Amino acid sequence: MPLVGVLCLLTGFALAQDTPDAEAQPLPDTQPVPEARTVVGTMVLTIEQDRFFTESAFGKASLAREREASQALDVENKQIEAALIAEEQDLTTRRETLPADEFAALASAFDAKVERIRDEQDAKVRDLSRARDADRQAFLRAAVPVLGDLMGEKGAVAILEKSSVILSLTAIDVTDEAIARVDAVLPLGTTPPPAP
């Protein structure tokens, strides 16, 4: 679930949709707001969601782990590929000296081995992807309460993804502040809180 969607669910805030019906209905009786410009300016905050993760201590550690694991897997794949090429060449060389049925059995076993190795390596790639997703989810679990507190302090009703906003004041971007706060509760090497 996108970060903004989780925030709206957890904080219980909802924004009215801009529909003709919503505009036609009378507003409930409310107290006048003396400084409407100030209140409106603090109603919505923006955040660069990707930078919020990648520039946090936890995000940097997660990306470093992923990069290291990907590089190790790449090295392993190259070693496996070299070994399989050598084995295939040896099998091709032996073809002239082996009976046809024996060569066919060896070739079939080699093909099965290649398929098995391919499946194993594909599974490792999927494991990397799952680990990346798990880190993002763990970060989100820790970040939502932090962002909820930030919203409350600023008197905001929502935090939007900055790239989705057409025009805004830079003052409503809380990415740097959010990074500092999430680093305080989820610093480098910290075990993320369990899923609720």
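The values are calculated or read from the model by the stated rules, or taken from the named source; none is laboratory data. Remember, it's a predicted structure, so these values are computed and weren't measured experimentally. For neighbour counting, all protein chains shown are included, and Cβ atoms are generated from backbone atoms with ideal geometry for every residue, glycine included. The accessibility values were calculated without ligands, DNA or RNA, using every heavy atom of the protein model including side chains. Shrake-Rupley method; radii C 1.70, N 1.55, O 1.52, S 1.80 Å.
Taking the criterion of being within 14 Å of the chain's Cα centre (by Cα) and among the hydroxyl-bearing types (Ser, Thr, Tyr), the only residue of region 113-166 that qualifies is SER129.
What about GLU66, is it open to solvent by 40 Å² or more (accessible area, probe 1.4 Å) and more than 30 Å from ALA180 (Cβ to Cβ)?
Working: open to solvent by 40 Å² or more (accessible area, probe 1.4 Å): yes; more than 30 Å from ALA180 (Cβ to Cβ): no.
Taking the combined requirement at face value, the residue does not satisfy it.
The set of residues in region 88-107 that are open to solvent by 70 Å² or more (accessible area, probe 1.4 Å) and either in a helix (DSSP H, G or I) or among the charged types (D, E, K, R) (or both) comprises GLU88, GLN89, ASP90, THR92, THR93, ARG94, ARG95, GLU96, ALA100, ASP101, GLU102.
Residue by residue, here is whether (1) among the charged types (D, E, K, R); (2) more than 20 Å from MET43 (Cα to Cα); (3) modelled with pLDDT under 90 holds:
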| position | (1), (2), (3) |
| --- | --- |
| GLU102 | yes, yes, no |
| ALA112 | no, yes, no |
| ASP119 | yes, yes, no |
| ASP122 | yes, yes, no |
| ARG141 | yes, yes, no |
| VAL157 | no, no, yes |
| ALA180 | no, yes, no |
| LEU188 | no, yes, yes |
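Kindly indicate which of VAL44, VAL6, VAL39 is touching a helix residue (DSSP H, G or I) at 6+ places or on another chain (Cβ under 7 Å) and modelled with pLDDT under 50. One residue alone meets the criteria, VAL6. Annotation note: of ARG118, ARG130, the sole residue that is under 30 Å from PHE52 (Cβ atoms), assigned to a helix (DSSP H, G or I), open to solvent by 90 Å² or more (accessible area, probe 1.4 Å) and free of Cβ contacts under 8 Å to residues at least 60 places away in the same chain is ARG130.
Picking from PHE139, PHE110, which residue would you name as being in contact with a Phe, Trp or Tyr (Cβ under 7 Å, 6 or more places away or on another chain) and not in a loop (DSSP other than H, G, I, E, B)? Quick ask: steps written out before the conclusion?
Working: PHE110 fails: in contact with a Phe, Trp or Tyr (Cβ under 7 Å, 6 or more places away or on another chain).
From the options PHE139, PHE110, the qualifying one is PHE139.
For region 167-176, the set of residues classified as open to solvent by 50 Å² or more (accessible area, probe 1.4 Å) and either under 20 Å from the mean Cα position of the chain (by Cα) or of a type in the set (Lys, Arg) (or both) consists of ASP176 only.
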